[in-house]
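See below for the structure under consideration.
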Amino acid sequence: MITAVMPTYARADIAFERGEGAYLFGNDGRRYLDFGSGIAVTALGHCHPHLVKALTDQAQKVWHTSNLYRIPAGEKLAERLVKNSFADTVFFTNSGAEANECAIKTTRKYHHDTGHPERYRIITTGGAFHGRTLATIAAGRQEKHLKGFDPIVDGFDQVAFGNLNELRAAITKETAGILVEPIQGEGGIRPATLDYLRQLRKVADEFGVLLIFDEVQCGMGRTGKLFAHEWAGIAPDVMALAKGLGSGFPLGACLATEKAAVGMTAGTHGSTFGGNPLAMAVANAVLDVMLADGFLPRVERTGKLLWDKLGAVVKKHPKVFAELRGAALMLGLKCVVPAGDMVDKLRANGLLTVSAGDNVVRVLPPLIVDEAQVNDGVAIIDRVASAWFN
Ligand SMILES: *Cc1c(COP(=O)(O)O)cnc(C)c1O
């Protein structure tokens, strides 16, 4: 008999009753160090007092009004995102997939409204993940996500991640944009080189197509800068955000330059829930913390510490781990042993991580993780690796 909750997930048999900072407390009575952050979502850890206060204060005023009316906290959040990014304008969504949908629509509409309706195709990269809607599974083009959901939404082409020759060759008169994750998340923590990101900007400019970055996972401070592409010193035309933006409250955003968003006028796009007062209150509180002096440099420093310590563990256990990759607090342990088994064993030992493509274990601690917790997490990984073949 089918379960009441549609059985689309393979869940671990544990539930959590409470969270505090980098810890989750299970219904098994145990405490877990959370280096998964609900898949890079709870950027400020669990029950951050500033976020709890923002949410509960707002909960007593007004939850939802719809986008038929002005939402001052949304105007404030959009202004802050604009001020701290390349963008001039923001559309709020409820998820990462919807943020990408808005990015795709913005890109198509830009060409439509600037005299090139024939430009509608978006080039994506192998190993990409952009969400589970019909358009975003077509964009990601992973067989396991597409199978059984034909017909595939038209308008997406794919080239190898990191390969500029293939990219140039794939651009046609119908190409509207290039959609790339600066660090692939679900694909297995595969960072683009900074040079590749810079060349993407050049190619996009040369061919008059828009550059779209999907920073749903790598954005919002995870790499030690607010957005991962900042490391390359270039900017996209359009960007999708979600995950860390609400730090646990469902929220996404599509950011764009004024030029790219030229076609996104009243009535062209919408969302009933997107940017509602509860979400906006929480995200403004998230930005209060992330934009405070010293927060992002601390993420970078903690990331370096984690990199050094995990790197040593990887070296020590070459039969268990093949490679460490990623940036700051978005790291991937490419495994020799099955990554899914590693995630299970780590959890049994009190550490939560997330598996990804390419046989990788994702290490995604909350950005507020401290040195002692980094040491504890790495010690668990070392211990599990040491005992692997016993
Ligand atoms: C998680 C993720 C998405 C999809 O976000 P949802 O909120 O699950 O729709 C899209 N792109 C990237 C890079 C992601 O990591």
Taking the condition within 22 Å of GLY38 (Cβ to Cβ) and in contact (Cβ under 8 Å) with a residue 60 or more places away in the chain, does GLY350 pass? yes
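Does LYS109 fit the bill of being of a type in the set (Lys, Arg), at pLDDT 95 or above and within 16 Å of the ligand (Cβ to nearest atom)? Spell out how you get there, then give the answer.
Values: of a type in the set (Lys, Arg): yes; at pLDDT 95 or above: yes; within 16 Å of the ligand (Cβ to nearest atom): no.
No; evaluated as a whole, the condition is false for this residue.
Mind checking which residues of region 81-94 are more than 14 Å from the ligand (Cβ to nearest atom) and in contact (Cβ under 8 Å) with a residue 40 or more places away in the chain?
Let us first name the residues in region 81-94 that are more than 14 Å from the ligand (Cβ to nearest atom), namely 81-91.
LEU81, VAL82, ASN84, SER85, PHE86, ALA87, ASP88, THR89, VAL90, PHE91 - these are the residues of region 81-94 that are more than 14 Å from the ligand (Cβ to nearest atom) and in contact (Cβ under 8 Å) with a residue 40 or more places away in the chain.
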Among LEU55, LEU24, LEU33, which is closer than 16 Å to GLY244 by Cα, surrounded by 15 or more Cβ atoms within 10 Å (Cβ to Cβ) and touching a residue at least 60 places away in the same chain (Cβ under 8 Å)? LEU55
When region 142-177 is checked residue by residue, the ones that are of a type in the set (A, V, I, L, M, F, W, C) and in contact with a Phe, Trp or Tyr (Cβ under 9 Å, 6 or more places away or on another chain) are PHE161, LEU164, ILE171, ALA176
Lone unmet requirement of (1) in contact (Cβ under 8 Å) with a residue 40 or more places away in the chain; (2) more than 27 Å from GLY221 (Cβ to Cβ) for GLU98: (2)
Quick one: how many residues across region 327-359 are more than 19 Å from the chain's Cα centre (by Cα), hydrophobic (A, V, I, L, M, F, W, C) and over 16 Å from ASP13 (Cβ atoms)? 6
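Residue-wise test of (1) touching a helix residue (DSSP H, G or I) at 6+ places or on another chain (Cβ under 8 Å); (2) more than 16 Å from the ligand (Cβ to nearest atom); (3) in the same structural domain as GLU230 (by TED's automatic domain parsing).
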residue: GLY244; (1), (2), (3): yes, no, yes
residue: LYS309; (1), (2), (3): yes, yes, no
residue: VAL313; (1), (2), (3): yes, yes, no
residue: ALA327; (1), (2), (3): yes, no, no
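What tally of residues in region 213-222 results from selecting those that are of a type in the set (A, V, I, L, M) and within 11 Å of the ligand (Cβ to nearest atom)? Steps first, please.
We begin by selecting, within region 213-222, every residue of a type in the set (A, V, I, L, M); these are 216, 220.
Applying the additional criterion that residues be within 11 Å of the ligand (Cβ to nearest atom) yields 216.
Residues in region 213-222 being of a type in the set (A, V, I, L, M) and within 11 Å of the ligand (Cβ to nearest atom): 1 in total.
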Apart from one, (1) more than 25 Å from ASP341 (Cα to Cα); (2) in contact with a Gly (Cβ under 7 Å, 6 or more places away or on another chain) all hold for LEU55; the odd one out is (2)
Selected residue [surrounded by 19 or more Cβ atoms within 10 Å (Cβ to Cβ) and of a type in the set (Gly, Ala, Ser)] from ALA328, ALA348: ALA328
What about ALA253, is it in contact (Cβ under 8 Å) with a residue 40 or more places away in the chain, farther than 30 Å from ALA339 by Cβ and in contact with a Cys (Cβ under 9 Å, 6 or more places away or on another chain)? yes
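Yes/no matrix, rows are residues, columns are (1) farther than 22 Å from ARG141 by Cβ; (2) within 11 Å of the ligand (Cβ to nearest atom); (3) buried (at least 24 other Cβ atoms within 10 Å of the Cβ); (4) among the acidic types (Asp, Glu):
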site: ILE178; (1), (2), (3), (4): no, no, yes, no
site: GLU181; (1), (2), (3), (4): no, yes, yes, yes
site: GLY187; (1), (2), (3), (4): no, yes, no, no
site: ASP195; (1), (2), (3), (4): yes, no, no, yes
site: LYS202; (1), (2), (3), (4): yes, no, no, no
site: PHE207; (1), (2), (3), (4): no, no, no, no
site: LEU210; (1), (2), (3), (4): no, no, yes, no
site: LEU226; (1), (2), (3), (4): yes, no, no, no
site: ILE234; (1), (2), (3), (4): yes, no, no, no
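Working carefully through the options ALA103, ALA97, find the one that is within 16 Å of the ligand (Cβ to nearest atom) and touching a Leu at 6+ places or on another chain (Cβ under 8 Å). So that I can check it myself, show each step before the final result.
Values: ALA97 fails: touching a Leu at 6+ places or on another chain (Cβ under 8 Å).
ALA103 is the lone residue from the list that is within 16 Å of the ligand (Cβ to nearest atom) and touching a Leu at 6+ places or on another chain (Cβ under 8 Å).
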Residue count for region 123-137, restricted to those that are within 11 Å of the ligand (Cβ to nearest atom), touching a Ser or Thr at 6+ places or on another chain (Cβ under 7 Å) and not in a loop (DSSP other than H, G, I, E, B): 0
Criterion violated by GLU230 - all others in (1) part of a helix (DSSP H, G or I); (2) free of Cβ contacts under 8 Å to residues at least 60 places away in the same chain; (3) within 13 Å of the ligand (Cβ to nearest atom) satisfied: (3)
What are the residues in region 200-223 that are under 22 Å from the mean Cα position of the chain (by Cα) and assigned to a helix (DSSP H, G or I), if any? LEU200, ARG201
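The values are calculated or read from the model by the stated rules, or taken from the named source; none is laboratory data. The structure displayed is predicted, hence computed values, not measured ones. For neighbour counting, all protein chains shown are included, and Cβ atoms are generated from backbone atoms with ideal geometry for every residue, glycine included.
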